[in-house]
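Report on the structure given below.
The values are calculated or read from the model by the stated rules, or taken from the named source; none is laboratory data. Here the structure is a predicted model, which is why all the values come from computation and not from measurement. Please note: Cβ atoms are built from the backbone with ideal geometry, for glycine as well, and neighbour counts cover all protein chains shown. Heads up: the accessible areas ignore ligands, DNA and RNA and are worked out on the full protein's heavy atoms, side chains in. Shrake-Rupley method; radii C 1.70, N 1.55, O 1.52, S 1.80 Å.
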Amino acid sequence: MPVSPSPARPSTSLAKVIGAGVVGTTIEWYDFFLYGSAAALVFNKLFFPAADPLVGTMLAFLTFSVGFVARPVGGIVFGHFGDRVGRKKLLTLSLILMGGSTFLIGLLPTYATLGASAAAALVTLRFVQGFAIGGEWGGAVLLVAEHGGQRRRGLWASMPQAGAPAGNLLATLVLWTLSLTLSQEAFLSWGWRLPFLLSAVLVAVGYWIRVSVDESPAFREAQARAEAERAADARRTERAPLLQVLSRHRREVLCGMAARLVENISYYVITAFALAYAADTLGMRRDLVLGGLIVANACHLLAIPAFGALSDRLGRRPVYLTGTVLMGVFGFVMFPLLETRDAVVVTATLVAGMVVHALMFGPQAAFFAEMFSTRIRYSGASFTYQVTNIVGGGLAPIIALYLLDRFGSWQPIAIYMASAAVVSALGVLLARETRGNDMEDGTSASQQAEGTEQVAGTVTAPLG
């Protein structure tokens, strides 16, 4: 006799879930982006002082990229256990790991005290940061997406996405304030440590908010269904979620990774490399560049949910595709405008870049979440999102610096961005539209399509 899953108990209010997602992701991205800004402004001097200034910056960005290598590892580990034991527990763990590693960076002795060991310790803590943020994204967006309904899922799921610019905005604002209130000597001596130590307070607040949130109804129902199936067949075993993703959803994974490429690369070229380029190569005052980045992040924060909501009306693919095309052109416009060295023009350029980026980042959470069924969604969405970081954002500032040093021009960097845009556009075009997919029944959009074809008597082989 089949065993019916028990009904899910009432869930936390959507507003509270969104608040927990946004606050948590803001804090974690504050920690993650703080390192990127410090790599451009501080770590090249304090941890690699013997190197040529450009080489020192490149080495600092190399340690920055370690976090991106760690992100897929975190995505796989957190995704596996998130699909097995729940989103909430893993989200709380990621917050603690991120906050602890960031706090320790603030206490870390520099090259002058520890020599090369200081750089090694910095790399280790950066790896922990990347591991934690690798598990954060999938859990945060899925918790919101699975609580919200179909009609406005693009908007709701984009809210945790807005935590990225909010965290970057907070990190940049803190560094900008310190650059205005402290001398260069004081900032390099001890002032840079303050934003990292502040993380302990922020994490305590985020932890308190997250522990009060329930698991999503979709996950609880999927878990109850799995338990019922195991009870009905004691010999039943289930493969690891990631193995199921790679065997059943290769098309979704490859299309998602391709779609993410230019979004990931362009973000770090605009926010990390452009900061170093404007300050070190063009000789602009750091406080002016940081001020422009603050305005750009504020606009990005507003644009993300706006384009997430637009994807609820037009579909995920049209909005995302528009962003890939515009970003392919943007690199050829951005650098000439930066070279004006005019603070207003530079700020407007950064704002434009962030708005174009939001066309992709806004619908992305719902787009990736809707590609996979509930039982494997954490693993599938996290793997698709995080693996691209290895060849995307993690290497983007280093590649941009190398191209600038090798050719002495910004044009190869613009070509690099445009090439990534072509790959992403193809990924979006080959992906299935996911808007309207029912996340409650644990069936992905692709499986629904294949099921409909089978009922009609026309079975087509799925791509991949």
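Below are the figures for this structure:
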item	result
Some residue of the range 181-193 being part of a helix (DSSP H, G or I), open to solvent by 20 Å² or more (accessible area, probe 1.4 Å), within 14 Å of Gly106 (Cα to Cα) and in contact (Cβ under 8 Å) with a residue 40 or more places away in the chain	yes
Residue among Thr340, Thr324, Thr347 that alone is hydroxyl-bearing (Ser, Thr, Tyr), on the phi < 0 side of the Ramachandran plot and within 20 Å of the chain's Cα centre (by Cα)	Thr324
Those residues of the range 291-300 which are of a type in the set (A, V, I, L, M) and surrounded by fewer than 22 Cβ atoms within 10 Å (Cβ to Cβ), in sequence order	Ile294, Val295, Ala298
Listing of helices (runs of 4 or more DSSP H) fully contained in the range 391-456 that carry 2 or more residues being modelled with pLDDT under 95	396-407, 445-456
Residue list for the range 277-308, filter: of a type outside the set (Gly, Ala, Ser) and not in a helix (DSSP H, G or I)	Leu282, Met284, Arg285
Some residue of the range 127-139 being open to solvent by 30 Å² or more (accessible area, probe 1.4 Å) and free of Cβ contacts under 8 Å to residues at least 40 places away in the same chain	no
Ser199 vs. criteria open to solvent by less than 10 Å² (accessible area, probe 1.4 Å), of a type in the set (Ser, Thr, Tyr) and either more than 28 Å from Gln150 (Cα to Cα) or at pLDDT 85 or above (or both)	yes
Test: Arg377 is in contact with a Leu (Cβ under 7 Å, 6 or more places away or on another chain), over 14 Å from Gln161 (Cβ atoms) and not in a helix (DSSP H, G or I)	no
Condition check for Val351: outside any loop (DSSP other than H, G, I, E, B) and over 14 Å from Leu275 (Cα atoms)	no
Unique match (being without any contact (Cβ under 8 Å) to a residue 40 or more places away in the chain, of a type in the set (S, T, N, Q) and over 28 Å from Leu246 (Cα atoms)) among Thr63, Thr102, Thr113	Thr113
Search result, residues across the range 321-350 that are open to solvent by less than 30 Å² (accessible area, probe 1.4 Å) and in contact with a Leu (Cβ under 7 Å, 6 or more places away or on another chain)	Gly323, Leu338, Val346, Thr349, Leu350
Every residue from the range 47-81 that is at pLDDT 70 or above and in contact with a Leu (Cβ under 7 Å, 6 or more places away or on another chain)	Phe47, Phe48, Thr63, Ser65, Ile76, Phe78, Gly79, His80, Phe81
Verdict on Leu125 being modelled with pLDDT under 85 and closer than 19 Å to Gln386 by Cα	no
From Thr12, Thr92, residue being open to solvent by 10 Å² or more (accessible area, probe 1.4 Å) and at pLDDT 80 or above	Thr92
Some residue of the range 304-312 being more than 14 Å from the chain's Cα centre (by Cα), at pLDDT 95 or above and open to solvent by 50 Å² or more (accessible area, probe 1.4 Å)	yes
